[in-house]
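In what follows, a single structure is set out as structure tokens and then discussed.
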Amino acid sequence: MSESAAPTTPATLADWLAHAERLHPQNIDMGLERLRAVAARMALRFDGPVITVAGTNGKGSTCAMLEAILTHAGYRTGVYTSPHLVHFEERCRLRGEPASAATLAAACAEVERARGDVALTYFEFTTLAILHVLARAGLDAVILEVGLGGRLDAVNLVDTDCAVITSIDVDHTAWLGETREAIGREKAGIMRPGRPAIVSDPVPPHSVTAHAAAIGADLWLCGRDFNVSGDKQQWAWAGRGRRYSGLAYPALRGANQLVNAAGVLAALEALRPRLPVTAQAVRNGLAHVALPGRFQIVPGQPALVLDVAHNPHAAAALAANLDAMGFYPATHAVFGAMGDKELAPMLARLDPLVDHWHFTDLPTPRALSAAALQAAWQAQTQRPDATSATHASPAQALRAAAAAARATDRIVVFGSFYTVGGVLENGVPRLQPGQPADGTARQRL
């Protein structure tokens with residue numbers, strides 16, 4: 001091709017994603033003006049109710065539970081969630097299945113036609129493509145997960161019918177502020193006047209409730225408008241006008257999932273006039289919901305735990321959940337993390353539980369190197385008996401951990417979506433005694 005020839009139009013989804021990465025000099029450019037201009041040209045419009053989910057942790061689980069219950073109620077659902085673990089197509093689910101690469105590639109072409117000379121970031125470009133797919137899929141309900149913050153996130157260009165805000169903690173401080181109050185103010189930006197705003201965080205920042213009052217949102221607070229109770233066998237939920245009793249605990253493991261489930265039921269109650277669901281749909285949805293990488297326990301010898309915990313709040317929940325698993329002779333950790341995370345409190349939470357650390361590089365310039373992670377751990381560990389090693393990839397780290405572990409041990413993989421995704425690239429590992437991870441059976445995601 002001569003230098004003057006026109007550039008080749010991307011054809012495959014991979015081509016379009018590579019193209020999207022080159023459109024803007026920054027990875028993040030907060031603001032909705034550019035997006036609104038392109039979205040208007042695309043005439044994006046949703047017929048069914050839209051539920052937007054923001055928060056520091058618990059967003060993916062909340063989206064998955066909403067999707068599962070609405071699907072069991074017979075509704076045609078669409079979900080946008082990010083980031084993905086292995087394949088980009090995971091970000092867009094239509095009626096419970098990932099959208100095809102061809103469908104997403106065609107949507108990228110629509111965004112390209114509409115954007116003109118508007119510079120979009122990778123996230124903005126792909127968000128518009130996925131919104132285009134969802135808007136044209138004939139859906140009864142659409143569930144949108146906020147990528148970062150809320151007020152200025154690309155997802156917030158859609159006027160939600162019901163906002164859900166999960167746990168709020170300190171993360172992404174360079175963009176959202178350094179306090180829960182500042183971060184809560186950003187999350188609250190997804191609320192809309194006169195529409196339900198569900199807050200499942202039991203102790204939300206004042207900035208969240210103040211913003212709801214200022215704009216006249218229909219605020220549902222945990223402990224005031226809905227609450228949960230239960231014992232080891234079952235739990236109950238009570239809202240403004242409805243109660244569910246004798247519920248089985250959600251299929252997603254971890255004590256934090258009950259808080260997420262409470263917010264889900266409040267959202268469904270608030271939307272009951274438009275999306276009525278039966279008690280049986282609630283029970284079936286919670287019993288069958290699945291979401292890879294959220295305290296996912298893979299049976300085998302040794303046991304394998306996969307968790308995308310990537311900030312101090314999530315690391316604390318992971319530590320509590322690991323502690324509740326019972327006794328294991330030794331715990332091996334595969335850990336990789338981004339450079340912008342609060343590393344010290346994450347390591348401190350897991351330090352008492354981990355006997356053997358396997359630090360790993362990750363395939364992104366945002367990540368800390370395995371050597372840097374190891375040095376940070378060595379500088380603060382209180383475990384002189386613990387060991388550590390570094391590896392070039394999560395898969396290599398898991399192989400080493402599996403080879404060193406006994407059948408009665410456990411391995412926990414955490415720290416980033418990249419870390420968990422790196423061990424799931426070829427399916428879910430099934431560990432067997434005395435074998436490295438690549439010599440074991442795997443099942444597809």
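Some points to look at:
- Top-ranked residue in the range 255-296 [being out of contact with any helix residue (DSSP H, G or I) (no Cβ under 8 Å at 6 or more places or on another chain) and under 18 Å from Ala320 (Cα atoms); ranked as surrounded by the fewest Cβ atoms within 10 Å (Cβ to Cβ)]: Leu258
- Any hit, the range 94-101, residues being assigned by TED's automatic domain parsing to the domain that holds Phe46, assigned to a helix (DSSP H, G or I) and either among the acidic types (Asp, Glu) or farther than 18 Å from Thr9 by Cα (or both): no
Yes or no, residue by residue, for (1) surrounded by 16 or more Cβ atoms within 10 Å (Cβ to Cβ); (2) polar (S, T, N, Q); (3) at pLDDT 95 or above:
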position	(1), (2), (3)
Ala371	no, no, yes
Trp377	yes, no, yes
Thr387	no, yes, yes
Thr390	yes, yes, yes
Pro394	yes, no, yes
Thr419	yes, yes, yes
Glu425	no, no, no
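- The set of residues in the range 277-335 that are β-branched (Val, Ile, Thr) and assigned to a helix (DSSP H, G or I) contains only Val282.
- Residues that are assigned to a loop (DSSP other than H, G, I, E, B) and in contact with a strand residue (DSSP E or B) (Cβ under 6 Å, 6 or more places away or on another chain) were ranked within the range 65-93; the one that is surrounded by the fewest Cβ atoms within 10 Å (Cβ to Cβ) is Tyr75.
- Candidates Leu128, Leu144 - the one that is within 14 Å of the chain's Cα centre (by Cα) and modelled with pLDDT of 95 or more: Leu144
The values are calculated or read from the model by the stated rules, or taken from the named source; none is laboratory data. Everything numeric here is computed off the predicted structure, so don't read it as measured data. Counting neighbours? That spans all protein chains shown, and the Cβs are built from the backbone with ideal geometry, glycine included.
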